[in-house]
């Protein structure tokens with residue numbers, strides 16, 4: 001029931017009036033938008049077109065072991081469970097800048113749609129996989145959605161949507177920086193890896 005209510009909440013937030021989104025960064029062909037915080041959540045979306053086949057991007061996105069190479073602030077990942085091309089459950093440790101205490105999360109990535117020209121992934125908390133030895137503050141309220149749309153055999157639109165509760169109090173200037181530059185830095189690093 002909690003999973004359904006979180007999905008419904010995030011869906012309502014993402015699908016409401018576009019005017020509420022504010023462009024906060026446009027650089028290197030990457031556009032990052034934020035919207036006002038609500039109920040403890042911070043919201044972002046980002047989009048970029050990349051000259052990479054959709055299949056290559058999908059394969060990279062579900063290779064959990066490579067997340068520390070491109071996901072902003074992630075320094076460790078552990079794959080906990082996987083059903084190829086359907087579901088991936090993993091632990092991630094976030095090494096955050098001072099004055100913020102490090103965080104961790106256990107996420108369930110679900111491949112919600114996989115077609116020739118469109119792929120969609122959802123990432124939600126997987127609390128049943130938490131272990132006592134995980135270090136840092138647990139982030140247990142979040143949702144991320146990734147959409148890949150094929151333009152041609154070699155070009156793909158990548159869209160990233162996220163809603164996060166940081167898991168505790170952090171200075172607003174830090175949160176604003178993370179919501180602005182986090183998606184940008186993630187996409188920059190991802191694009192670089194995809195072009196290698």
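With touching a strand residue (DSSP E or B) at 6+ places or on another chain (Cβ under 8 Å), modelled with pLDDT of 90 or more, farther than 24 Å from residue 178 by Cβ and assigned to a strand (DSSP E or B) as the only criterion, which of 32, 52, 112 stands out?
112
Do the conditions hold for residue 119, that is, is it surrounded by 13 or more Cβ atoms within 10 Å (Cβ to Cβ), touching a helix residue (DSSP H, G or I) at 6+ places or on another chain (Cβ under 6 Å) and under 15 Å from residue 58 (Cβ atoms)?
yes
Could you grab me the full set of residues in the range 73-95 that are in a loop (DSSP other than H, G, I, E, B) and either under 19 Å from residue 147 (Cβ atoms) or without any contact (Cβ under 8 Å) to a residue 40 or more places away in the chain (or both)?
84, 85, 86, 95
Check residue 146 against each of (1) over 19 Å from residue 75 (Cα atoms); (2) surrounded by fewer than 18 Cβ atoms within 10 Å (Cβ to Cβ); (3) touching a helix residue (DSSP H, G or I) at 6+ places or on another chain (Cβ under 8 Å) and name the one condition it does not meet.
It fails just one condition, (2).
What residue, of 182, 167, is under 18 Å from residue 76 (Cα atoms), outside any strand (DSSP E or B), in contact (Cβ under 8 Å) with a residue 60 or more places away in the chain and under 18 Å from the mean Cα position of the chain (by Cα)?
Only one candidate passes the filter, namely 182.
The values are calculated or read from the model by the stated rules, or taken from the named source; none is laboratory data. If you're wondering where the values come from, they're calculated on a predicted model, not measured in any experiment. In this analysis, Cβ positions are derived from the backbone assuming ideal geometry, glycine residues included, and neighbour counts consider all displayed protein chains.
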